[in-house]
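Peer 1: Can you keep this structure in mind? I'll have questions shortly.
The values are calculated or read from the model by the stated rules, or taken from the named source; none is laboratory data. Note that the coordinates shown come from a computational prediction; the quantities given were computed from them, not determined experimentally. No Cβ is skipped: glycine too gets one built from the backbone with ideal geometry, and neighbour counts run over all protein chains shown.
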Amino acid sequence: MDPCGEDQLSQPSVHSSRTTLARRDHFPAAGGVAQRTQHEPRLPARPLSSNAGANDPRDHLSPHIEIAIFGNCRKDGKPMKSVHVLGLLGSLRERSRTELALTRCLAAAQREGAETSVFDLRKSPLPLCDGRDDPSLYPEAVHALRRQVEQADALVFASPEYIGSYSAAIKNVLDFLGPDHLRGKIAGVIGVAADHSASNTVYHLSTILLRCGCWVVPIHAQIPASEIIFEQPDSPSAQKMLTILDALGRDIVVTVRRHHSGKPTV
Ligand SMILES: Cc1cc2nc3c(=O)[nH]c(=O)nc-3n(C[C@H](O)[C@H](O)[C@H](O)COP(=O)(O)O)c2cc1C
């Protein structure tokens, strides 16, 4: 069973509609600019009673069902921490299809209540990582990258497939981050290829992220034949891929909430 291949198509999703949507609905603009939504508490906090905690139904619910029923409040009455998902775009190309895939995924994360932003290497070019002795001498973009990663609850790495693996641009990002900045982060992976599979990109990226101490969510979005997917978004194969990107965005947020609530991450 290939976790990066067609098996993903069996991932559960509530977004299975084949309804024809306008193109802008499929791909809301990200443009590398931070997009933020704030998830406010929807229900008043349940007061703490003397036996709060004992037989609390919230302890047995998955985070997204808990939120659907109880709103964005923890059982101690405080609002749940907001979730911030940072996308890392590994393509430098204008009109990038990887950007379209990342945008779609982050839009799903926003619908789940997360704030999202994108680190766009076209707008914040990084030098090549050279392992210099004094990292403070790197330009501001490097420090901005590290700051944004540190502040994010979860990361989505999106890369085009280049010669059978991820792009050099995303590798350079990984070199600047490494385990020091990635350990303990929840991460999702998107690979986008022209040919029949981006499995290598997804697999290679996941391997490195795991090695750096990330929790990589199991929905790996590998987008093959990207031209067809994004030129014909109403085709059945495009719809399947878009469904996977939605599932990834949603799952990342659910995983962060599970992590925040102290439930097992996976
Ligand atoms: C240097 C280079 C290498 C590529 N290698 C592959 C490859 O090995 N397999 C593949 O399916 N597509 C390959 N492609 C095509 C890209 O993966 C594909 O066009 C992808 O959609 C580009 O993403 P972008 O639009 O975000 O730049 C390559 C493209 C470039 C520029």
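Peer 1: Which residues, counting only those in the range 167-203, are more than 16 Å from the ligand (Cβ to nearest atom), touching a residue at least 40 places away in the same chain (Cβ under 8 Å) and not hydrophobic (A, V, I, L, M, F, W, C)?
Peer 2: Hits for the range 167-203 are ASP175, GLY188.
Peer 1: Moving on to the next point. Assess whether ALA154 counts as being touching an Asp or Glu at 6+ places or on another chain (Cβ under 8 Å), touching a residue at least 24 places away in the same chain (Cβ under 8 Å) and of a type outside the set (Val, Ile, Thr). Give the derivation first.
Peer 2: Details: touching an Asp or Glu at 6+ places or on another chain (Cβ under 8 Å): no; touching a residue at least 24 places away in the same chain (Cβ under 8 Å): yes; of a type outside the set (Val, Ile, Thr): yes.
So ALA154 does not fit the description; no.
Per-residue answers, yes or no, for (1) within 18 Å of ILE170 (Cβ to Cβ); (2) assigned to a loop (DSSP other than H, G, I, E, B); (3) modelled with pLDDT of 95 or more; (4) touching a Leu at 6+ places or on another chain (Cβ under 9 Å):
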position: THR98; (1), (2), (3), (4): yes, no, yes, yes
position: ALA109; (1), (2), (3), (4): no, no, yes, yes
position: GLY113; (1), (2), (3), (4): no, yes, yes, no
position: SER117; (1), (2), (3), (4): yes, no, yes, yes
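Peer 1: Hey, another quick one. Return the pair list, or none, for Cβ contacts closer than 6 Å from residues in the range 85-98 that are at negative phi to residues that are among the polar types (S, T, N, Q) and more than 7 Å from the ligand (Cβ to nearest atom), at least 6 apart or on different chains.
Peer 2: What qualifies is VAL85/THR116; LEU86/SER117; LEU86/GLN148; GLY90/SER159; GLY90/SER167.
Peer 1: In the range 232-246, how many are assigned to a helix (DSSP H, G or I), out of contact with any strand residue (DSSP E or B) (no Cβ under 8 Å at 6 or more places or on another chain) and farther than 15 Å from GLU99 by Cβ?
Peer 2: Taking the range 232-246 as the starting set, the residues that turn out to be assigned to a helix (DSSP H, G or I) are 236-246.
Keeping just the survivors that are out of contact with any strand residue (DSSP E or B) (no Cβ under 8 Å at 6 or more places or on another chain) gives 236-240, 242-243, 246.
From what is left, the residues that are farther than 15 Å from GLU99 by Cβ are 236-240, 243, 246.
Within the range 232-246, residues that are assigned to a helix (DSSP H, G or I), out of contact with any strand residue (DSSP E or B) (no Cβ under 8 Å at 6 or more places or on another chain) and farther than 15 Å from GLU99 by Cβ number 7.
Peer 1: Also, I was wondering about something else. Can you spot a residue in the range 153-162 that is under 20 Å from THR116 (Cβ atoms), among the charged types (D, E, K, R) and modelled with pLDDT of 95 or more?
Peer 2: yes
Peer 1: Looking at (1) in contact with a Gly (Cβ under 6 Å, 6 or more places away or on another chain); (2) modelled with pLDDT of 95 or more, which is the only condition LEU88 fails?
Peer 2: Of everything listed in (1) in contact with a Gly (Cβ under 6 Å, 6 or more places away or on another chain); (2) modelled with pLDDT of 95 or more, LEU88 misses just condition (1).
Peer 1: Condition test on ILE163, is it free of Cβ contacts under 8 Å to residues at least 12 places away in the same chain and either near the ligand (Cβ under 8 Å from one of its atoms) or under 17 Å from the mean Cα position of the chain (by Cα) (or both)? Steps first, answer last, please.
Peer 2: On the way: free of Cβ contacts under 8 Å to residues at least 12 places away in the same chain: yes; either near the ligand (Cβ under 8 Å from one of its atoms) or under 17 Å from the mean Cα position of the chain (by Cα) (or both): yes.
In short, yes.
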